[in-house]
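Trainee: This structure is in structure tokens; I'll ask about it shortly.
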Amino acid sequence: LPLGPDDLLEDQVPITLRSLRFREGLRHPIRIVDSFVANRATPPKFADAEILVQASETIHLIDCWKVQLRRPGNQQSYWFEKAYPNILVKSVSGDGRELALKERNRRKYWEHPH
């Protein structure tokens, strides 16, 4: 794919947005490639879009940044916890699908041998 520095694959958006230096009113123009998650292989479609960080909101008692990905005919919204590491708390896709964080666990995965 002929990807440039301001191009994103739709499937990478939630992870990439976590790395933003969040601040209210932040706007960034991008080009987005439609999701590759489908039953049929189709040529990639590029669209001009904009990332917009809005005032914080509280979701399930978690102080969050609201981030919108706006493109013609489609708007996706994401809510990221304000505290590092900016966990994705909720998302609403352009087709109305909504996902919300159910729980969070921290597990010790490095063990020091005795």
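The values are calculated or read from the model by the stated rules, or taken from the named source; none is laboratory data. Predicted model only: the values in this text are computed from it and were never measured. Counting neighbours? That spans all protein chains shown, and the Cβs are built from the backbone with ideal geometry, glycine included. The accessibility values were calculated without ligands, DNA or RNA, using every heavy atom of the protein model including side chains. Shrake-Rupley method; radii C 1.70, N 1.55, O 1.52, S 1.80 Å.
Trainee: All but one of (1) part of a strand (DSSP E or B); (2) closer than 23 Å to ARG104 by Cα; (3) modelled with pLDDT of 90 or more; (4) open to solvent by less than 80 Å² (accessible area, probe 1.4 Å) hold for THR58; state the number of the condition that does not hold.
Mentor: Failing condition for THR58: (4).
Trainee: In region 62-95, what count of residues is obtained for those that are of a type in the set (Phe, Trp, Tyr) and in a loop (DSSP other than H, G, I, E, B)? Write out each step before concluding.
Mentor: Filtering region 62-95 down to residues of a type in the set (Phe, Trp, Tyr) leaves 65, 78-80, 84.
So of that shortlist, the ones also in a loop (DSSP other than H, G, I, E, B) come out as 84.
Total satisfying the criteria: 1.
Residues are listed down the side, and each one gets a yes or a no for (1) of a type outside the set (Val, Ile, Thr); (2) in contact (Cβ under 8 Å) with a residue 60 or more places away in the chain; (3) under 24 Å from ASP6 (Cα atoms):
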residue	(1), (2), (3)
LEU52	yes, no, yes
GLN76	yes, yes, yes
LEU88	yes, yes, yes
GLY94	yes, no, yes
LEU99	yes, no, no
ARG104	yes, no, no
ARG107	yes, no, no
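Trainee: Let me ask something else about it. Take the residues in region 12-29 that are open to solvent by less than 70 Å² (accessible area, probe 1.4 Å) and of a type outside the set (Val, Ile, Thr); name whichever of them is farthest from ALA55 (Cα to Cα). Reasoning before the result, please.
Mentor: First, the residues of region 12-29 that are open to solvent by less than 70 Å² (accessible area, probe 1.4 Å): 12-14, 16-17, 20, 22, 25-26.
Add one more test, that the residue is of a type outside the set (Val, Ile, Thr), and what stays is 12, 14, 17, 20, 22, 25-26.
Numbers: GLN12: 23, PRO14: 18, LEU17: 16, LEU20: 15, PHE22: 10, GLY25: 8, LEU26: 10 Å.
The extreme case among them is GLN12.
Trainee: How many of the residues making up region 66-91 are under 18 Å from LEU8 (Cβ atoms) and either under 10 Å from the mean Cα position of the chain (by Cα) or open to solvent by 30 Å² or more (accessible area, probe 1.4 Å) (or both)? It would help to see each step written out before you state the result.
Mentor: To start, the set of residues in region 66-91 that are under 18 Å from LEU8 (Cβ atoms) comprises 67-78, 80, 86, 88, 91.
Okay, now just the ones that are also either under 10 Å from the mean Cα position of the chain (by Cα) or open to solvent by 30 Å² or more (accessible area, probe 1.4 Å) (or both), so 67-70, 72-78, 80, 88, 91.
Total meeting the criteria: 14.
Trainee: Can you spot a residue in region 28-35 that is in contact with a helix residue (DSSP H, G or I) (Cβ under 9 Å, 6 or more places away or on another chain) and at pLDDT below 90?
Mentor: Looking for residues that are in contact with a helix residue (DSSP H, G or I) (Cβ under 9 Å, 6 or more places away or on another chain) and at pLDDT below 90, one finds at least one in region 28-35, hence yes.
Trainee: Please give the number of the condition ILE32 fails out of (1) open to solvent by 30 Å² or more (accessible area, probe 1.4 Å); (2) of a type outside the set (Gly, Ala, Ser); (3) out of contact with any His (no Cβ under 8 Å at 6 or more places or on another chain).
Mentor: (1)
Trainee: Same structure again: Among ALA47, ALA38, which is the only one that is closer than 25 Å to ASP6 by Cα, surrounded by 11 or more Cβ atoms within 10 Å (Cβ to Cβ) and over 16 Å from the mean Cα position of the chain (by Cα)? Give the steps one after another, and end with the answer.
Mentor: On the way: ALA38 fails: surrounded by 11 or more Cβ atoms within 10 Å (Cβ to Cβ).
Of ALA47, ALA38, the one residue that is closer than 25 Å to ASP6 by Cα, surrounded by 11 or more Cβ atoms within 10 Å (Cβ to Cβ) and over 16 Å from the mean Cα position of the chain (by Cα) is ALA47.
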